[in-house]
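This report concerns only the one structure given below.
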């Protein structure tokens, strides 16, 4: 029970206590605050206990501060893998204007998260496992669709994950957890079809994010327009 900082005579009035009893309670409460309960007469102490027993408990509520989505573990994990990919691409022998398909997928997933703002609690993160095969299928279809515009490289998706988990005391799972096929295959797409490729990925990911996370079940906003940019990126 929270400590009372003032008497609760008004609460006793609302409970139907008489004006006389309420005033007696207030006087005894004030006296106890100044001189202590030990100096009250036995009958007065009994009356005060009776009055306080009749009062409803004062409940205290902890202020809940909602963590921004960009501080959520799921979001930060995607950023980690995106950063590793961008670093790796600097060493690839390819045009500076080309980019990997995986970074586009992760960029669009992060954009969708920024827009829809799912809670990313346990129900959401459990359902997010469905995104693993979804990404794999999406990448496979993109490699077929844009085959002539793709150059393949090798990239170890987990090269820095173990070291990062150990140093930061994390337990992040691999981005492609459970996947065994083409583990190090890293397709890079040429600049002339990046826009078309991104539009395709965006459309697919927006719908997948929207229907996958339980916390978005009542989300009634329209899908983000192509012009929408996350606030911190605008």
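The values are calculated or read from the model by the stated rules, or taken from the named source; none is laboratory data. Keep in mind that this is a model prediction, so the values were computed, not measured. All Cβ positions, glycine included, derive from the backbone under ideal geometry; neighbour counts span all protein chains shown.
So here's what we get for this one:
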| quantity | calculated |
| --- | --- |
| Only one of 149, 184 that is in contact (Cβ under 8 Å) with a residue 12 or more places away in the chain, in contact with a strand residue (DSSP E or B) (Cβ under 6 Å, 6 or more places away or on another chain) and surrounded by fewer than 17 Cβ atoms within 10 Å (Cβ to Cβ) | 184 |
| Pick from region 96-108, criterion in contact with a strand residue (DSSP E or B) (Cβ under 9 Å, 6 or more places away or on another chain) and under 15 Å from residue 195 (Cβ atoms), ranking: surrounded by the fewest Cβ atoms within 10 Å (Cβ to Cβ) | 98 |
| Close pairs (6 angstrom Cβ cut-off, 6 or more residues apart or separate chains): loosely packed, with under 10 Cβ neighbours inside 10 Å in region 50-75, at pLDDT below 85 anywhere | 57/1; 60/2 |
| Test: residue in region 128-141 that is in contact with a strand residue (DSSP E or B) (Cβ under 8 Å, 6 or more places away or on another chain), at pLDDT 95 or above and closer than 24 Å to residue 199 by Cβ | yes |
| Pair list, Cβ under 7 Å, 6 or more apart: region 87-106 residue within 27 Å of residue 133 (Cα to Cα), other residue part of a loop (DSSP other than H, G, I, E, B) | 88/155; 98/190 |
| Filtered residues of region 115-127 (kept if surrounded by 15 or more Cβ atoms within 10 Å (Cβ to Cβ) and over 10 Å from the mean Cα position of the chain (by Cα)) | 115, 116, 127 |
| Pairs with Cβ under 9 Å, 6+ apart, first in region 159-178 and surrounded by 10 or more Cβ atoms within 10 Å (Cβ to Cβ), second modelled with pLDDT under 90 | 174/158; 175/158; 176/158; 176/183 |
| Every pair of residues 6+ apart whose Cβ atoms lie under 6 Å, when the first sits in region 205-223 and is on the phi > 0 side of the Ramachandran plot while the second is surrounded by 10 or more Cβ atoms within 10 Å (Cβ to Cβ) | none |
| Residue identified as surrounded by 13 or more Cβ atoms within 10 Å (Cβ to Cβ), over 39 Å from the mean Cα position of the chain (by Cα) and at pLDDT 90 or above among 11, 44, 21 | 21 |
| In region 204-215, the residues that are in contact with a helix residue (DSSP H, G or I) (Cβ under 9 Å, 6 or more places away or on another chain) and surrounded by fewer than 19 Cβ atoms within 10 Å (Cβ to Cβ) | 204, 206, 208, 210, 212, 214, 215 |
| Hits in region 158-175 (condition: under 13 Å from residue 81 (Cα atoms), in contact with a helix residue (DSSP H, G or I) (Cβ under 7 Å, 6 or more places away or on another chain) and modelled with pLDDT of 90 or more) | 164, 172, 174, 175 |
